[in-house]
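Data first, discussion second: the structure below is written as structure tokens.
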Amino acid sequence: MESITAASRPLLPAYYTDPAVLAAEQRRVFARTWQLAGHVSDLPEPGSRIVARAGDQEVLVVRDEDGELHAHRNVCRHRGARLVAAPEQHAAIRCPYHGWTYRLDGRLIGAPEGRRFAAPLDKPNLGLLPARVEVWHGLVFVNLDTRAAPLADQLYGLDRLVGRYLGDRLVPVGRSRMHDIADPAGTGVVGTEANWKVAVDNYLEGYHVPVAHPGLMRLLDYQNYTAEPSEGYAYFEAPLRETRSANRLERLYQRLVSPMPGLLPEDRDVWRYVAIYPNTMIDLSADCVGVWSMVPDGVGRTLLPGAIYRHRDAGLRTRLAQAVGQRVNRLVTDEDDDIVSRVQAGLRTPGFTPGPLSEREAAIGWFADRIRTDLGIDAPAEDGGR
Ligand code: FES
């Protein structure tokens, strides 16, 4: 397990409660980092498109006629209308306001009544504003920073640990999708009443499992829960207990669970987790893969768009295990929802400063250091910023 160093310290409350910090995070974190947009199965055909979020900004992801993906800012170059509000598929991108039309690669094709403009439209300079898109083992990521370092650099070493769980052979299970974030109220994206970093912090440590998650405690070998923060991500392993749970549903899961095609026999006995800086989470078990992200919705609220996938050739037993596992997980999610909202409420207490981190909270120190570094002079004043 990663050990806590003297330099590891949690973030001060202002990071979680001050709207000015959230505004700085938009510029210094969300405008520069890779954000999970979905899975390649969300963009099955030429012309398919989805909308992703990078903090409070939208990114349109489109598959072109040759199968290549493109990312554009989701705004028309005429008067700024939002171009796409839900997944759809068309041969071009047509603005719903006055009908300016763009190729899938973002170039402006034309505008209705083009001769009524004072000068011919400068089409080469009126294409959609670009963003970056990359695919990592079937997962689609976007970045507002067109000069950002490749995602593969940030995830160096992670392929070896979890690449076998992922890829384009995954198929979605259930109705939830990452791109539901484009219409969170309409699509029922889950939210939680806490700053996005409170939610990330909670994901990054297993210290709370014995007290807050009695069901998980019956399934996981807590003593051997490990956390390994790297530069660009943190990786966790939670071995499953060999002893049978006293809970009927959990016992059923233990009996049914078996590795999906492509996994190793030993993958049956461990749950793995990955937190990709800043806000992408991947849950990997023998029976399914869950992906989700923590998207700020104001300083004290977070949206949690996500989706579950399984290998398309997974057998009936694996699918049953997955259904049972999801019921177990739902309880854990409710427990986490309660915890993070309690933390957010407590962080508003005047005079409160956080206590020391346990070794089991090493990844929180890693995340806090990354946030401090990224915010730089825009960190809260009491932490050395403006
Ligand atoms: Fe898009 Fe006018 S705002 S065509």
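Only the coordinates and a few stated rules stand behind these numbers; no lab work does. Please read all numbers here as calculations on a predicted model, not as lab measurements. All Cβ positions, glycine included, derive from the backbone under ideal geometry; neighbour counts span all protein chains shown.
Modelled label positions at D313 and R82, each set 7 Å beyond Cα in the direction of Cβ, lie 4.2 nm from each other.
Taking other residues whose beta carbon is less than 12 angstrom from the beta carbon of Y97, and scoring Lys, Arg as +1 and Asp, Glu as -1, yields +4.
Start at zero, step by 10 Å, and the Cα-Cα distances of region 242-287 spread as 25, 42, 27, 7 percent across the bins. Computed from the Cα positions only, the extents of region 70-126 along the three principal axes stand at 35, 20, 18 Å, in decreasing order. The distance between label points at R160 and E237 comes to 1.3 nm (points 7 Å beyond Cα on the Cα→Cβ vector). With the highest mean first, a sort of the peptides 179-187, 143-151, 113-121 on other beta-carbon atoms found within 10 angstrom per residue produces 179-187, 143-151, 113-121. Kirkwood hydrodynamic radius for region 239-386: how many Å is it when counted over pairs of different Cα atoms? In region 239-386 this quantity evaluates to 18.2 Å. At full extension, R32 and Q89 could sit 17.7 nm farther apart than now, given 0.36 nm per residue minus the alpha carbon distance.
Which chymotrypsin sites (Phe, Trp or Tyr not before Pro) in region 71-116 sit in a loop by DSSP (not H, G, I, E or B) and have at most 16 other Cβ atoms within 10 Å of their own Cβ?
On the way: sites: Y97, W100, Y102; in loops: Y97, W100.
Loop-located and lightly packed - Y97.
Rounded to 0.05, the FRET efficiency of the D18 and E359 pair, given R0 = 30 Å and the Cβ-Cβ distance, is 0.55. Taking the centroid of alpha carbons for each part, region 327-386 and region 10-45 are 15 Å apart. Multiplying the residue separation of R107 and R147 by 0.36 nm and removing their Cα-Cα distance gives an extension gain of 12.4 nm. Applying D = kT/(6 pi eta Rh) to region 198-318, where Rh is the Kirkwood radius over alpha-carbon pairs, T corresponds to 10 °C and eta to 1.306 mPa s, the Stokes-Einstein value obtained is 102 µm²/s. Measuring between their Cα centroids, region 214-265 and region 93-122 lie 53 Å from each other.
What would the Debye formula give as log10 I(q)/I(0) at q = 0.15, 0.18, 0.21, 0.25 Å⁻¹ for the alpha-carbon point model of region 17-95, no solvent? The calculated log intensity ratios at q = 0.15, 0.18, 0.21, 0.25 Å⁻¹ are -0.58, -0.77, -0.96, -1.17. Using the Cβ-Cβ distance between R386 and F352 with R0 = 22 Å, the FRET efficiency computed as 1/(1 + (r/R0)^6) comes to roughly 0.50.
In terms of overall dimensions, the C-alpha atoms belonging to the chain reach 75, 55, 35 Å along their principal axes, ordered largest to smallest. For the chain, a Gaussian network of Cα nodes joined below 10 Å ranks V211, V135, V40 by mean-square fluctuation, and the top entry is V211.
Roughly speaking, what % of Cα-Cα pairs in region 1-145 are separated by over 27 Å, rounded to a whole number?
When every Cα pair of region 1-145 is considered, 35 percent fall beyond 27 Å.
One chain, two ends: R115 and D334. Fully extended at 0.36 nm per residue, the span grows by 73.0 nm beyond their Cα-Cα distance. Principal axis extents of the Cα atoms in region 320-361, from largest to smallest and rounded to whole angstrom, are 49, 25, 7.
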